[in-house]
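What follows is one structure encoded as structure tokens, with my remarks underneath.
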Amino acid sequence: MTNETNEQKPRTERPRRASARAVEFRPLEVAVQDGNVNRALSMLKRKMANEGIYKELRKRRFYEKPSEEKKRRHREAERRRKKALRIARERGYIR
């Protein structure tokens, strides 16, 4: 007993969002040009720094209790807010 007016439309599959803790692994590649390994190494270090790998390694060196992590994130957010407020005042957006 299907009625054309009561039929449900098929659900469209929504793209899934990555969670905040999801980590995307992709290889960092650096080409060595003209045998210049030192330059390639410095480029690799720069890419690793930009990706936040050094920060992540430093963070994971020791176990951080969930309460300590929450406090740290709160401190970091407060520091970012203060910095944004200071910059806005310097540029004259806020008095």
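Values in this text are rule-based calculations from the coordinates and carry no lab data. Predicted, not measured: the structure shown is a model, and the values here were computed from it. Methodologically, a virtual Cβ is constructed for each residue, glycine included, from the backbone with ideal geometry; neighbour enumeration extends over all protein chains shown.
Within segment 34-71, the only residue that satisfies the criterion of being loosely packed, with under 10 Cβ neighbours inside 10 Å, of a type in the set (Gly, Ala, Ser) and either touching a Leu at 6+ places or on another chain (Cβ under 8 Å) or in a helix (DSSP H, G or I) (or both) is Ser67. Quick check: anything in segment 72-89 of a type outside the set (S, T, N, Q) and in a loop (DSSP other than H, G, I, E, B)? No, the conditions are met nowhere in segment 72-89.
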